[in-house]
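**Q** The structure under discussion is supplied below as structure tokens; questions concerning it will follow.
The values are calculated or read from the model by the stated rules, or taken from the named source; none is laboratory data. Quick caveat, the model's predicted, so the values are computed rather than measured. Heads up, the Cβs are rebuilt from the backbone with ideal geometry, glycines too, and the neighbour counts pull from every protein chain shown. Ligands, DNA and RNA are excluded from the accessible area calculation, which covers all protein heavy atoms including side chains. Shrake-Rupley method; radii C 1.70, N 1.55, O 1.52, S 1.80 Å.
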Amino acid sequence: NHQIASYNDFLYHRLQKIVDSTVIGQEEEGMSRGYIYPEIEGYKIKFGSIKVTYPEVKEADGTERPLKPMEARLRNLTYESHVALEFIPVKNDVEYEPETVRIGELPIMIKSKKCNISKTVLEEKLEHLISDEEYQKELQKMQEDPLDPGGYFISNGTERVLITVEDLAPNRVLVERSSRYGTYVEVAKVFSQREGYRALTVVEKKKDGMLMVSLPTTYGQIPLMILLRSLGMENDEEIVDVISVDPKMEPYVLANIEECANEYGITTKEEAIAYLGKRFAGGQAKEYRIRRVEALMDKNLLPHLGNEPEDRFTKAIFMARMGMAVLELALGKREEDDKDHYANKRLRLAGDLMEDLFRVAFTALCKDLKYQIERIHA
């Protein structure tokens, strides 16, 4: 049942969500989600609703009729449905007549809500509610096993099950001691995940007590205090309040703030952004450097907390709390997190796995579509 429930959620909620959040082309600010932007002035394509039909088989004479799982097994067919998507052309902000296009096929899970032998589909066909006994009799009429629990797919006549994948929990801070060249360093990690994009952010305490951060899509480490200042946490008192919940932590935090001011000469947000710009886009124009740092803070750093400029302060607090977790581990205030404990794991079911596959396939389709449109108009 857990596989069927997960797959139904994918069919009825996640598919549309992926379509609505996909943006292809025009990587500038203020772009609307759920669009393809070809490189043609004033022209874009908006996505409408996505629909999945019930499984059908097309015979040699061109006729189509509903396909039942047993027939798929016996005739070595794939039990799948058509996926149709509504495309709405938009020219100079005027929407034209929508067009529904078949974009591909989707394997259908046995006994899911789009399966021809599921209870809801049979009730729709018979136009009345049926009891479990009646349902079993209907299945026997169709030569299906009434005791078959479902939850699997049929591919070329072969029954296939999606194996549940164990994964580390995203958006959770995990602290551990990591061995580097014979010495142990305290490390806090978080896999931040949003709409299929996953980014690892790491905070670690060096031997001299400095808290350093490794950001996604960049190389090297930067001091945590510089990152906090660039995210808008400029006040020293505020930083101390957020990080040190224990008097023993204060010397570490104050030493980090002092190092940041003396070694790097950074006390304000502007100075911090300028320093990061030199680190991550050295040799580029000043405007480009600032844009690069802002894009990094909004899009790549902790995407699960949002990707707008107003989310930066929330990210600063989250990063400060990661620093606090590292210091707590160093001072013996907390234990290491157990990666193998089920509280720190997530099980990825059929719906989650299908979601990942569909997102990749749909993005590839949209990119190809954008390319074809541009080629025709060139």
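**Q** Is it possible to state the helix-based mean residue ellipticity at 222 nm for the chain, with each DSSP H run of 4+ residues giving -39500 (n - 2.57), the sum divided by total residues, to the nearest 500 deg cm²/dmol? What is it? The partial results should precede the final answer.
**A** Numbers: 12 runs with 137 residues, N = 378.
Calculated mean residue ellipticity at 222 nm is -11000 deg cm²/dmol.
**Q** If the reach is capped at under 27 angstrom between alpha carbons, list the lysines near Lys46, excluding any in the same chain fewer than eight residues apart.
**A** The qualifying lysines are Lys17, Lys91, Lys114, Lys299, Lys367, Lys370.
**Q** Then there's this: Using the crude model of +1 on Lys and Arg Cβ and -1 on Asp and Glu Cβ, and no other charge, please compute the dipole size for segment 1-125 relative to its Cα centre, in debye to 20.
**A** Working: 18 positive and 21 negative charges, 184 e Å.
It comes to approximately 880 debye.
**Q** Pull out a ≥ b ≥ c, the square roots of the eigenvalues of the alpha-carbon gyration tensor of the chain, then state rounded if a/c is under 1.5, prolate if not and a/b is larger than b/c, and oblate in the remaining case. Walk me through the numbers before you get to the answer.
**A** On the way: a/c = 3.29, a/b = 1.73, b/c = 1.90.
The shape class here is oblate.
**Q** Decide, for segment 49-158, between rounded, prolate and oblate: order the square roots of the alpha carbon gyration tensor eigenvalues as a ≥ b ≥ c, take rounded if a/c falls under 1.5, and otherwise choose prolate if a/b is larger than b/c, else oblate.
**A** Numbers: a/c = 2.65, a/b = 1.81, b/c = 1.47.
Verdict is prolate for segment 49-158.
**Q** Could you check which residue among Gly150, Gly277, Gly182 shows the biggest mean-square fluctuation in a GNM of the chain with a 10 Å Cα cutoff?
**A** Gly182
**Q** Still on this model: Please sort by residue number the trypsin sites (Lys or Arg not before Pro) in segment 117-153 whose DSSP state is loop and whose Cβ has at most 10 other Cβ atoms within 10 Å. Each step should come with its number before you reach the end.
**A** On the way: sites: Lys119, Lys125, Lys137, Lys141; in loops: none.
Sites meeting the loop and neighbour criteria: none at all.
**Q** Among the helices of the chain (complete DSSP H runs), which have Cα atoms covering no less than 15 Å along the helix axis and a Kyte-Doolittle mean of at least -1.0?
**A** Correct list, ordered by number: 250-263, 269-280, 312-330, 350-377.
**Q** Further question: Which whole-number percent gives the relative contact order of segment 150-267, counting Cα pairs below 8 Å spaced six or more residues apart?
**A** Details: 139 pairs, mean separation 15.1, N = 118.
13 percent.
**Q** Right, here's the next one. Taking the Cα centre as origin and putting +1 on Lys and Arg beta-carbons and -1 on Asp and Glu beta-carbons, what dipole magnitude results for the chain, to the nearest 20 debye?
**A** Working: 53 positive and 66 negative charges, 172 e Å.
For this selection, approximately 820 debye.
**Q** Relative contact order for the chain using alpha-carbon pairs under 8 Å, separation at least 6, rounded to a whole percent? Intermediate values should be presented prior to the final figure.
**A** Numbers: 607 pairs, mean separation 65.5, N = 378.
Here the relative contact order equals 17 percent.
**Q** Rounded if a/c is under 1.5, else prolate if a/b beats b/c, else oblate: with a ≥ b ≥ c from the C-alpha gyration tensor eigenvalues square-rooted, which is segment 123-273?
**A** Details: a/c = 3.84, a/b = 3.13, b/c = 1.22.
Prolate shape, in that a/c is at least 1.5 and a/b is the bigger ratio.
**Q** Taking only protein heavy atoms and a 1.4 Å probe, what accessible area per residue, in Å², does the chain have with all protein chains in place?
**A** So the chain comes to 54 Å² accessible per residue, rounded to a whole number.
**Q** Moving to a separate point now. Out of Gln140, Gln221, Gln193, any idea which swings most in a Gaussian network model of the chain, alpha carbons joined below 10 Å?
**A** Comparing Gln140, Gln221, Gln193 in the GNM, the peak value goes to Gln140.
**Q** Positive end of the dipole of segment 182-257, charges at C-beta (+1 Lys, Arg; -1 Asp, Glu), about the Cα centre: which of Asn235, Met225, Gly182 has its Cα farthest in that direction?
**A** Going by the Cα projections, it comes out as Gly182.
**Q** Once neighbouring chains are kept in place and the probe is 1.4 Å, which whole percent of the accessible area of segment 147-231 is contributed by carbon and sulfur?
**A** Details: 2110 of 4020 Å².
Here it works out to 52 percent.
**Q** Cut-off under 16 Å on the C-alpha distance; same-chain residues fewer than 8 positions from Lys333 excluded. Which lysines are left, in chain and number order?
**A** By straight Cα distance, Lys333 reaches Lys205, Lys248.
**Q** List the longest stretch of the chain that has no exposed loop site; here a site is one of the chymotrypsin sites (Phe, Trp or Tyr not before Pro) assigned by DSSP to anything other than H, G, I, E or B, with at most 16 other Cβ within 10 Å. Write out the running numbers ahead of the final one.
**A** Details: sites that count: Tyr96, Tyr181, Tyr219, Tyr264.
Longest gap between qualifying sites, sites excluded: 265-378.
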